[in-house]
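S.K.: Following this message is one structure expressed as structure tokens.
No lab work stands behind these numbers, since they all come straight from the coordinates. Here the structure is a predicted model, which means the values were calculated and not measured. A quick note on method: Cβ atoms are made from the backbone with ideal geometry, for glycine too, and the neighbour counts reach across all protein chains shown.
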Amino acid sequence: MENKTFELLEKMYSEFSQRFESIEKKVDKNYQAIEKKHQSIVKIEKTIHDKVGILFDADSRTQDKLDTISDDIDFLKQEEFQTKQDIFKIKKKFEIIK
């Protein structure tokens, strides 16, 4: 009887050992797949970070250019206004002379 019990325990131990080995292999395989995906995600994050930095720099440069253009337009508007005032004064002087 003891011999049968021992054989049964050995058989159970062997089956459990095989199952654990199978589970370990699956876990290792999943871990490797997760690690590869993690590395891909890190690469994608770096690429996105770099591109966002480039876009931010381009946005800053564009904003600077727009500010310069806006200043130029304001200056030209002021010059146009001053020119119109000068023309008005000249016309007025011509009316006095007539």
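S.K.: Among (1) 141, 17, 11; (2) 74, 22, 21; (3) 83, 50, 43, only one was calculated for this model; which label is it, if the read-out is Cα extents along the principal axes in Å?
M.R.: The value computed from this structure is option (1).
S.K.: Here is a follow-up. Can you tell me the orientation of helix 2-97 relative to the chain, as the angle in degrees between its alpha-carbon axis and the longest Cα principal axis, to the nearest 10?
M.R.: Its long axis makes an angle of about 0 degrees.
S.K.: Still on this model: What order, most packed first, do the peptides 1-7, 29-35 have when packing is the mean number of other Cβ atoms within 10 Å of each residue?
M.R.: On the way: 1-7: 7.9, 29-35: 10.0.
Per-residue Cβ counts within 10 Å, averaged per peptide and sorted highest first, yield 29-35, 1-7.
S.K.: Which of the lysines could a cross-linker bridge to K77, judged by Cα under 29 Å and excluding same-chain residues fewer than eight apart?
M.R.: In chain and number order, the partners are K65, K89, K91, K92, K93.
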